[in-house]
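Heads up, the thing below is written out as structure tokens.
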């Protein structure tokens, strides 16, 4: 129980990232065509317009791996107190969010970019906490 209490912030932030990325990945898998259709329109005026499915695939892979790393990170914290996998999950989550932010900015979806920034703040806090 002390391990949970001593790492409550990290565990809660990892749960936040697990929910965020695994739900997003699940949504992409279960509604691939709907997502691709919407995103093709969203990026129709950008240099990405012809490679949307490839980019969504890359985002899907990074989201799922980040979520899985965060799950393993929680397990590692609870079982040994180590934070290696949690740190890797937080870093990959940050990179994934930066990719999403870049896409939103390129598509001139500034409201969407603001939303990504809201997710980025707790993720960077987690990276900071796990660096020590």
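Angle between the Cα long axis of helix 52-80 and the longest principal axis of the chain, 0 to 90 degrees, nearest 10?
Here the helix axis deviates by roughly 10 degrees.
What is the angle, in °, between the Cα long axis of helix 8-30 and the longest principal axis of the Cα atoms in the chain? Nearest 10 is fine, range 0 to 90.
It works out to around 30 degrees.
Which of 121, 36, 91 ends up with the largest GNM mean-square fluctuation for the chain, with Cα atoms connected below 10 Å?
Result: 121 has the largest fluctuation of those listed.
Given Cα pairs under 8 Å that are at least 6 residues apart, what percent is the relative contact order of segment 1-80?
52
Angle check, please: helix 32-42 long axis (alpha carbons) against the longest principal axis of the chain (alpha carbons), in degrees 0 to 90, nearest 10.
60
Compute the length gained on full extension between residue 55 and residue 72: take 0.36 nm times their separation in residues and subtract their Cα-Cα distance, giving the result in nm to one decimal.
Between residue 55 and residue 72, full extension yields an extra 3.5 nm.
Given labels modelled 7 Å from the Cα in the Cβ direction, how far is it in nm from residue 106 to residue 29?
Label-label distance for residue 106 and residue 29, simple model: 2.6 nm.
Dividing the convex hull volume of the Cα atoms of the chain by its residue count, what figure in Å³ per residue is obtained?
Spelled out: Cα convex hull of the chain, divided by residues, is 93 Å³.
We did not get these values from a lab; they are worked out from the coordinates using the rules stated. This is a predicted model, so every value here is computed, not measured. Because the Cβ atoms are built from the backbone with ideal geometry, glycine has one as well, and the counts that use them run over all protein chains shown.
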